[in-house]
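Below you'll find the structure, written out as structure tokens, and then a few comments.
The values are calculated or read from the model by the stated rules, or taken from the named source; none is laboratory data. A quick note: this is a predicted structure, and the numbers were derived from the prediction, not measured. Methodologically, a virtual Cβ is constructed for each residue, glycine included, from the backbone with ideal geometry; neighbour enumeration extends over all protein chains shown. These accessible areas exclude ligands, DNA and RNA; they are computed on the full protein's heavy atoms, side chains included. Shrake-Rupley method; radii C 1.70, N 1.55, O 1.52, S 1.80 Å.
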Amino acid sequence: MANKLYDDGPTALAGLLFDGMTIASGGFGLCGIPETLIDEINRSGVRELTLISNNAGVDDFGLGILLKARQVRKMISSYVGENKEFERQFLSGELELEFTPQGTLAERIRAGGAGIPAFYTATGARTMVAEGKEERMFDGRPHIMETGLRADLAIVKAWKGDTHGNLVFRKSARNFNPMVATCGKVTVAEVEEIVPVGSFDPDQIHTPGIFVDRLILATHNEKRIEKRTVREETA
Amino acid sequence: MPWTREELAARAAAELKDGYYVNLGIGIPTLVANYIAPGVDVTLQSENGMLGLGPFPAADAVDADIINAGKQTITELDRTSYFSSSDSFAMIRGGHINLSVLGAMEVAENGDLANWMVPGRMVKGPGGAMDLVSGVRRIIVLMDHCAKDGSPKFRKACTLPLTGADVVDVLITDLAQFERPDRESPFHLVELAPGVTLEHLKSVTEAHFIVPENFK
């Protein structure tokens, strides 16, 4: 069988990175982001990236480290509120931003991965998001056409993966990862634990291995918490 | 006496019915969860991909993989399920969520809502708000009646870029509660906060609204 298991980040990304490429990344906020692969993309020095990701990380963590190193030309995101460097680069015109409502972003990625070039949605109709997009009425309501997204490279983070690339995510760290895994010309997954083929109950696999080309054991699993909120203990 | 933040949240909570699936926005709307009446069973949804949100965790039970859409750490319940963001927005856009409570910068008399950007200022992005207002069956907005400079926020037309056109069903401000029976109708005044007169309300409201004949 083809071997999908690679030794580490550098070998898994070998031959895949080039300036001006589009990379899609899973994750919501700092939850379920491919920390190891983002580090490696940072180290590679690849530039002029277009990033498809719901968020942009924070200044020193997640996709924020690629922004800080000026490796990013454009972001396609729904919310970028937690990143000062992002704000500076955007306001100075160094960085291009395509705001996509969160559900539309999820569906654009899903559609791209499923070979659907475009779809209509009521989300964003008659708002700024609709500018330049075709509007059509369905059931008496305005809808706008949104296009599917594909990426040169998709990077995802899963909890466990087997050597065939079957993936299982953990709790809300699943978020955008399953769709992102489908939208890459090449998809690289990093997992917290690699298990032998046959370990998973086939009914419980979240992302079937067909969507995953390369797999590594994640070596960066900080899993930083953006907003640590706890219950007040009553003594 | 205008209603407090907690009173706004409690008023919105009174709109939640037994068996509802509900998405609460960030800020005051999050407080709504604290005022759900006993005996009313509500399941909260979070757009990052979780249904059945529990309370904040104890300090020794924080799990980085369990967060809500505000990126806060939370807990699971017996009923909790996790799913992808695309399944999450199938719930939202497919009309499966009964009700959502959101904050606002402006609401217009025709139900338009603006709550995501102020031109010239740093824009953080719409997140899931545009999807929520276009797909959730009933939208409740909580906001201050006036901006910090005293200007009205319930307007004839929104001056800020829209989050959604004709999407607001219930508007609860610190001064009054308004509702409309359907999305073709104007807003009707439902209740004034204690000590707020109709004359005062009208003087700080730009939008047209109906005062029912039997209103007192």
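Exactly one condition in (1) touching a helix residue (DSSP H, G or I) at 6+ places or on another chain (Cβ under 6 Å); (2) within 29 Å of A:F200 (Cα to Cα) is false for A:A158; which is it?
So A:A158 meets the others, but not (1).
Among B:P119, B:P212, B:P181, B:P186, which is away from chain A (no Cβ under 14 Å), more than 19 Å from the chain's Cα centre (by Cα) and not in a helix (DSSP H, G or I)?
One residue alone meets the criteria, B:P212.
In this structure, is B:V211 open to solvent by 30 Å² or more (accessible area, probe 1.4 Å) and in contact with a strand residue (DSSP E or B) (Cβ under 7 Å, 6 or more places away or on another chain)?
Yes, satisfied.
Of the residues that sit in segment B:140-166 and are closer than 23 Å to B:A10 by Cβ and in a loop (DSSP other than H, G, I, E, B), which one is nearest to the other protein chains (Cβ to nearest Cβ)?
Result: B:K153.
Do we find that A:E134 is more than 10 Å from every other protein chain (Cβ to nearest Cβ), under 28 Å from B:V136 (Cβ atoms) and touching a residue at least 40 places away in the same chain (Cβ under 8 Å) in this structure?
No; evaluated as a whole, the condition is false for this residue.
Kindly provide the set of residues from segment B:77-113 that are over 14 Å from the mean Cα position of the chain (by Cα), assigned to a strand (DSSP E or B) and more than 17 Å from A:F28 (Cβ to Cβ), ordered by number.
Matches in segment B:77-113: B:L77, B:D78, B:R79, B:A108.
Any residue in segment B:131-140 that is free of Cβ contacts under 8 Å to residues at least 40 places away in the same chain, buried (at least 23 other Cβ atoms within 10 Å of the Cβ) and farther than 28 Å from A:L91 by Cα?
There is at least one residue in segment B:131-140 that is free of Cβ contacts under 8 Å to residues at least 40 places away in the same chain, buried (at least 23 other Cβ atoms within 10 Å of the Cβ) and farther than 28 Å from A:L91 by Cα.
Looking only at segment B:56-77, decide whether some residue is facing another protein chain (nearest Cβ under 7 Å) and surrounded by fewer than 16 Cβ atoms within 10 Å (Cβ to Cβ).
Among the residues of segment B:56-77, at least one is facing another protein chain (nearest Cβ under 7 Å) and surrounded by fewer than 16 Cβ atoms within 10 Å (Cβ to Cβ), which makes the answer yes.
Considering only segment B:161-183, how many residues are in contact with a Lys or Arg (Cβ under 6 Å, 6 or more places away or on another chain) and farther than 21 Å from B:G95 by Cα?
Total meeting the criteria: 1.
Quick one: in segment A:115-124, of everything that is surrounded by 15 or more Cβ atoms within 10 Å (Cβ to Cβ) and not hydroxyl-bearing (S, T, Y), which residue is nearest to A:F28 (Cα to Cα)?
Ranking the candidates gives A:G124 first.
Just checking, which of B:C158, B:C146 is modelled with pLDDT of 95 or more, farther than 23 Å from A:G103 by Cα and touching a Lys or Arg at 6+ places or on another chain (Cβ under 7 Å)?
Unique residue meeting the criteria: B:C146.
Quickly run through segment A:202-234 and pick out the residues that are free of Cβ contacts under 8 Å to residues at least 24 places away in the same chain, more than 9 Å from chain B (Cβ to nearest Cβ) and in a loop (DSSP other than H, G, I, E, B).
The one that is free of Cβ contacts under 8 Å to residues at least 24 places away in the same chain, more than 9 Å from chain B (Cβ to nearest Cβ) and in a loop (DSSP other than H, G, I, E, B): A:T234.
Do you know which of the residues in segment A:74-113 that are outside any helix (DSSP H, G or I) and surrounded by fewer than 19 Cβ atoms within 10 Å (Cβ to Cβ) is nearest to the other protein chains (Cβ to nearest Cβ)?
A:G81
For (1) under 28 Å from B:L113 (Cβ atoms); (2) out of contact with any helix residue (DSSP H, G or I) (no Cβ under 7 Å at 6 or more places or on another chain), each residue gets a yes or a no:
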site	(1), (2)
A:F90	yes, yes
A:E98	yes, yes
A:A106	yes, no
A:G113	no, no
A:V129	yes, no
A:D139	yes, yes
A:H143	yes, yes
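Counting only residues that are open to solvent by 20 Å² or more (accessible area, probe 1.4 Å) and more than 12 Å from the chain's Cα centre (by Cα), which one in segment A:150-167 is nearest to the other protein chains (Cβ to nearest Cβ)?
The qualifying residue nearest to the other protein chains (Cβ to nearest Cβ) is A:W159.
Report, by residue number, each residue of segment A:125-143 that is open to solvent by less than 40 Å² (accessible area, probe 1.4 Å) and either more than 18 Å from A:I76 (Cα to Cα) or within 22 Å of the chain's Cα centre (by Cα) (or both).
A:A125, A:V129, A:P142, A:H143
Look through B:G49, B:G111 and report the one residue that is at the interface with chain A (Cβ under 10 Å from one of its Cβ atoms) and at positive phi.
B:G49
Residues of segment B:78-108 being at the interface with chain A (Cβ under 10 Å from one of its Cβ atoms) and among the aliphatic types (A, V, I, L, M), which ones?
B:A90, B:M91, B:I92
Give just the number: which of (1) in contact with a Ser or Thr (Cβ under 6 Å, 6 or more places away or on another chain); (2) within 13 Å of chain A (Cβ to nearest Cβ); (3) surrounded by 20 or more Cβ atoms within 10 Å (Cβ to Cβ) does B:G25 not satisfy?
Failing condition for B:G25: (1).
Any residue in segment A:145-156 that is among the hydroxyl-bearing types (S, T, Y) and not in a strand (DSSP E or B)?
no
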